[in-house]
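The values are calculated or read from the model by the stated rules, or taken from the named source; none is laboratory data. For clarity, every value in this text was computed on a predicted model and none was experimentally measured. Don't worry about glycine lacking a Cβ; one is built from the backbone with ideal geometry, like all the others, and counts go over all protein chains shown.
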Amino acid sequence: MSGFLDNVQCPRPECCDAIPEKRNFISSIAAGVLFFGGWWVIIDAAVVFPDNSEMKHAYHVCGVVSTIAFFMINAVSSGQVRGDSYGEGCMGQTGARIWLFIGFVLSFAGLIASMWILFEDYVVNPKNNPGVTNAYPGVAVFLQNFLIFIGGLVFKFGRAEELWE
């Protein structure tokens, strides 16, 4: 049963013929918009809810961790992780893999911590925070980290390194 759709040709409009050549451009723009959108949401929440009782200032740490992870994930190329283009340095291919792993761990940690903040303080136990009347700050913290996470994945896996050569 495998391969029965291999010979199926779908008609593509002429405007879509240039998309493979512009893959890096499109994925970079999409990742930038996602990253910007994440920070825009949290800045909006911080402006609307400036009081520490409505939205604790410590909740911004999740976004900072996700931003650092975004840069860590995209600091190493796929060639460095595979060992194709990176043979020297402190640890070589192993160092690039460890760096990428730490970046993904930080990214998931920021996302999970933002989910914890959303559900713990704004959904399940809003009585623990007497100043909380709205769940938007928790949603904003989660949405910020989710958009940065998706933006990092789009920027890492959406680009083609063969187009650089």
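Considering each residue of the range 97-104 in turn, at least one proves to be surrounded by fewer than 16 Cβ atoms within 10 Å (Cβ to Cβ) and within 30 Å of Val139 (Cα to Cα). Residues of the range 26-64 that are closer than 15 Å to Tyr136 by Cα, of a type in the set (A, V, I, L, M) and out of contact with any helix residue (DSSP H, G or I) (no Cβ under 8 Å at 6 or more places or on another chain): Ile43, Val47.
Matching residues to (1) free of Cβ contacts under 8 Å to residues at least 40 places away in the same chain; (2) among the aromatic types (Phe, Trp, Tyr); (3) surrounded by 15 or more Cβ atoms within 10 Å (Cβ to Cβ):
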| residue | (1), (2), (3) |
| --- | --- |
| Lys22 | yes, no, no |
| Phe25 | yes, yes, no |
| Ile29 | yes, no, no |
| His57 | yes, no, no |
| Thr94 | yes, no, no |
| Ala113 | no, no, yes |
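Just to confirm my filter: which helices (runs of 4 or more DSSP H) fall fully inside the range 1-101 and include at least 2 residues that are at pLDDT 85 or above?
On the way: elements: 23-48, 60-75, 78-82.
Correct list: 23-48, 60-75.
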